[in-house]
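For reference, the structure is listed below as structure tokens.
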Amino acid sequence: MPATLDLTDPSARPLRPTAIAADGKPVLVGMDRGELIAAMAEIGVPERQRKMRVNQLWHWLYVRGSSDFSDMHTISKDLRDKLDAHFSVARPEIVEEQISSDGTRKWLMRFPPRGAGRPVEVETVYIPEEGRGTLCISSQVGCTLTCTFCHTGTQKLVRNLTPEEILAQLLVARDRLGDFPHKDTPQGAIVPTEGRKVTNIVMMGMGEPLYNFENVKKALLIASDGDGLALSRRRITLSTSGVVPEIARTGTEIGVMLAISLHAVRDELRDELVPINKKYPLKQLLDACRAYPGLSNARRITFEYVMLKGVNDSLSDAKELVRLLKGIPAKINLIPFNPWPGSAYECSDWETIETFADFINANGYASPIRTPRGRDILAACGQLKSESERMRKTERLALEAMMIAGHGAD
Ligand code: SAH
Ligand code: SF4
């Protein structure tokens, strides 16, 4: 008879080695509380102490931003040494940090191989704006989907990012921005949440987050945990190209704001631009949006619409867009197309974009046009492409001259 395991007892749950640091030790960042309790059990922490130790660790990792056990002075030296011998809380390697003249920052991080694979590199972008700072996080290295206007879509999927790697992007950004202001605040003290540098997260970097649902969910639940990083779920936006079967779960299980990469209002064109439309056509997609849990006028869905010259930017497209979204509490984000070498499209003229925006505004939709940000460091939507498939220098220079857009969510 096969052995059985009582999965209701967290200490009996086997440790899933989802994330291994460069030194070969399992990483505690990205584990949920149950897994951390199991990790404590594994190194012999007495049962009655485990919950308390996990609370302490949680505080050090996510409130203080600690990346070294030796900082954790509320934990005894013996236990710190033991933790250090078995586990890691180290940050990934930062390969490159770029700061744009407009304050946009971009980090290239390297994560160790998983299994037989190679190390991977991932880009994360920070966009400061008046009153908020948005971090654009990647969920996969590459993408299985092949949207024709997206640079990431030209890169094959290398692999899903683990919860630790998704969270590490936020932790590194906070480190580099000096955005762990409570490093010296006593545990339990009330700390202000105002004035933080990273106030919003958008899952709009590389990859399709809903094709890495479990890992994205785990990372976002940790990011929004009130005793840790404490980002409000209303300030976290997950963008999907339209993986319809996972949309309802995004609302019920993660509870974050939803953005849909719409880009076309007719199936024929959307089949071409966003090929997942062949599997989940517009009607199914919009029905799933209508049924999105928690949807209200205060919690609208953002529809992203990339402006492609002569392709989807006519007034009749704008009319159809308004018609399609009728009854859905929605915001429309018009994104000027960011060209990349070899792309088959051009960005719509500014006048055309304004006419389009005016029409949808007149019909009651806020429709901000994303303003170009970080142009000098290639930090735009759809321009992110992992260094696992590094661009040639000439291509980079060509891209640097091009127009790019920033991301935004309220
Ligand atoms: N895979 C998810 C999230 C990442 S893409 C999705 O598709 O929604 C983030 C946003 O950037 C999407 O709306 C995407 O359509 C847009 N985008 C991709 N390539 C672009 C480009 N070249 N110019 C402007 N926006 C682009
Ligand atoms: Fe993938 Fe999103 Fe790019 Fe489409 S737009 S290829 S889903 S990253």
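Average the reciprocal distances over every distinct pair of alpha-carbons in region 262-326, invert the result, and give the Kirkwood radius in Å.
Numbers: mean 1/r = 0.0794 Å⁻¹.
Roughly 12.6 Å, rounded to one decimal.
If I compute solvent accessible area with a 1.4 Å probe over the protein chains, what percent of it on region 57-103 is carbon and sulfur? Walk me through the intermediate numbers first.
On the way: 1000 of 2130 Å².
Summing carbon and sulfur atoms, their accessible area is 47 percent of the total for region 57-103.
Expressed as a rounded percentage, what relative contact order does region 270-376 have, with Cα pairs under 8 Å and six or more residues apart? Please report the intermediate quantities before stating the final value.
Numbers: 117 pairs, mean separation 29.0, N = 107.
RCO, region 270-376: 27 percent.
Give LYS25/LYS82; LYS283/LYS331; LYS106/LYS309; LYS197/LYS218; LYS156/LYS309; LYS156/LYS279 a once-over and call out the pairs whose C-alpha atoms are over 21 Å from each other. Can you show the working numbers first?
Values: LYS25/LYS82 12 Å; LYS283/LYS331 18 Å; LYS106/LYS309 28 Å; LYS197/LYS218 23 Å; LYS156/LYS309 27 Å; LYS156/LYS279 19 Å.
From LYS25/LYS82; LYS283/LYS331; LYS106/LYS309; LYS197/LYS218; LYS156/LYS309; LYS156/LYS279, over 21 Å: LYS106/LYS309; LYS197/LYS218; LYS156/LYS309.
Tally up the carbon and sulfur contribution to the accessible surface of region 221-340 as a whole percent, 1.4 Å probe, everything protein left in place. All intermediate terms of the calculation are to be shown ahead of the outcome.
Values: 2210 of 4410 Å².
Exposed carbon and sulfur together represent 50 percent of the surface.
Taking only protein heavy atoms into account and a 1.4 Å probe, give the accessible area per residue of region 159-304 in Å². List each step's numbers first, then the result.
On the way: 5490 Å² over 146 residues.
Dividing the accessible area of region 159-304 by its residue count gives 38 Å².
Any idea what Rg and Dmax come out to for region 37-111 if you just take the C-alpha atoms, in Å?
Taking only Cα atoms of region 37-111, I get Rg and Dmax of 16.2, 53 Å.
The values are calculated or read from the model by the stated rules, or taken from the named source; none is laboratory data. Treat the numbers as computed from the prediction; the structure is a model and nothing was measured. Ligands, DNA and RNA are excluded from the accessible area calculation, which covers all protein heavy atoms including side chains. Shrake-Rupley method; radii C 1.70, N 1.55, O 1.52, S 1.80 Å.
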